[in-house]
1. When you count, for each residue, the other Cβ atoms within 10 Å and take the mean per peptide, how do 18-25, 287-294, 221-228 rank with the highest first?
2. Restricting to DSSP H runs of at least four residues, report the calculated mean residue ellipticity at 222 nm for the chain, -39500 (n - 2.57) per run over all residues, nearest 500 deg cm²/dmol.
3. Considering the Cα trace of the range 38-194, what is its radius of gyration and what is Dmax, both in angstroms?
4. Can you work out D for the range 227-338 in µm² s⁻¹ from Stokes-Einstein, where Rh is the Kirkwood radius over C-alpha pairs, the temperature is 25 °C and the viscosity is 0.890 mPa s?
5. By what distance, in whole Å, do the Cα atoms of the range 105-214 stretch along each of the three principal axes, largest value first?
6. How do the peptides 54-67, 181-194, 117-130 rank, highest first, by the average count of neighbouring beta carbon atoms within 10 Å per residue?
7. Using the Kyte-Doolittle scale, find the helices of the chain whose mean hydropathy is at least -1.0 and whose Cα atoms extend 20 Å or more along the helix's long axis, counting only whole DSSP H runs.
8. What percentages make up the Cα-Cα pair-distance distribution of the chain when the bins are 10 Å wide from 0?
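Quick note: the coordinates plus some simple rules give every number you see, no bench work behind them. All values derive from a computational prediction rather than experimental measurement. Here the Cβ positions follow ideal geometry from the backbone for every residue, glycine too, while neighbour counts run over all protein chains shown.
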Amino acid sequence: MLAAIFGVEGHSLKQEERAFFRDVQPFGFIIFARNVSEPQQVRDLIADLRASVDHPDAPVLVDQEGGRVQRLRPPHWRAAAPAARFGALAQKQAQTGAKAVFLNHQLIGAELAALGIDVDCAPLIDVQQAGAHDVIGDRAFGGDPEQVAVLGRAAAEGLMSAGITPIIKHIPGHGRSMVDSHHDLPRVPNSRAELAKTDFLPFRRLHDMPWAMTAHIVYEAIDKDQPATLSPKVISEVIRGEIGFDGLLLSDDMSMKALNGALPDLARRSLAAGCDIALHCNGKMEEMKQIAAGAAPLSKAGEERYTRGRRQVGQVKSGVGRIAKLDQVEAELNALMA
């Protein structure tokens with residue numbers, strides 16, 4: 001299968017999209033708000049996506065963090081609070097905050113599982129920094145790296161308890177970005193020692209998670225020329241080395257404007273740098289064809305990381321046992337947040 005994840009354009013799969021996916025056999029798919037109307041439509045779309053490839057268990061991803069980043073919204077899905085609200089609770093009472101995060105993500109996980117979605121692009125464990133661009137902002141659990149790590153693990157374990165694979169992001173840290181990487185390339189001038197004590201710390205604490213997503217950020221003290229997604233040095237020395245992450249490594253969206261260059265070359269460079277999967281989100285057919293032209297088959301190491309991650313999620317889910325009725329979980333969460 002191709003080491004790529006693709007989006008689609010609308011609420012249902014077009015014949016051109018179906019034929020393309022049948023031809024290139026992508027590793028998986030990602031859905032966005034543009035693909036969502038109501039629960040049965042989402043379930044049908046996901047079933048069609050998986051039927052378009054030869055691996056019927058193809059992962060299907062969504063960004064469902066809570067707050068301003070959630071693709072599934074009321075009236076059909078719960079409006080989850082942003083991470084910063086849980087961080088504020090944890091500052092007052094650490095155990096209460098962690099419990100609330102776990103329950104919140106258990107509820108998110110249950111909603112995703114009911115649709116057939118099995119991977120959530122969460123939790124975001126970037127460390128909030130004063131004066132940085134609001135692209136992270138209240139999506140972060142806060143500015144204390146240790147607290148972010150604790151709450152990030154609670155979030156990941158909540159998702160896994162419902163059978164959902166979490167993706168920690170944006171490794172090795174997006175909190176210092178002074179521009180929005182959807183539109184511009186951020187550059188971080190801080191020393192490697194300072195980054196290690198702050199930005200890298202939550203990722204180091206959660207290095208055992210099954211998936212991670214890279215940051216489209218230049219860390220000048222490590223590689224002044226290339227963002228992490230395209231940097232063999234950042235991936236090998238920091239992500240795989242200093243942080244110790246050995247799970248499936250997914251690029252952030254290849255169509256974001258932080259990356260400069262032809263899409264086939266960007267896909268090729270991201271995989272050559274050490275990403276296992278190239279992610280492309282906007283569903284534009286011509287761009288997807290370019291990504292497919294530059295991508296390669298999933299490596300043996302990538303296959304092993306994916307298999308190990310699925311086993312890890314299954315072990316957490318089976319260890320939790322039966323989840324209480326969701327209305328009871330939500331009532332407990334609301335009581336903690338009151």
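1. Peptide ranking by packing, descending: 287-294, 221-228, 18-25.
2. -12500 deg cm²/dmol, from helical runs alone.
3. Reported Rg and Dmax, both Å: 16.5, 50.
4. In µm²/s, the coefficient rounds to 148.
5. 43, 29, 19
6. 117-130, 54-67, 181-194
7. Both cut-offs are met by 94-115, 145-161.
8. It works out to 6, 28, 36, 24, 6, 0, in whole percents.
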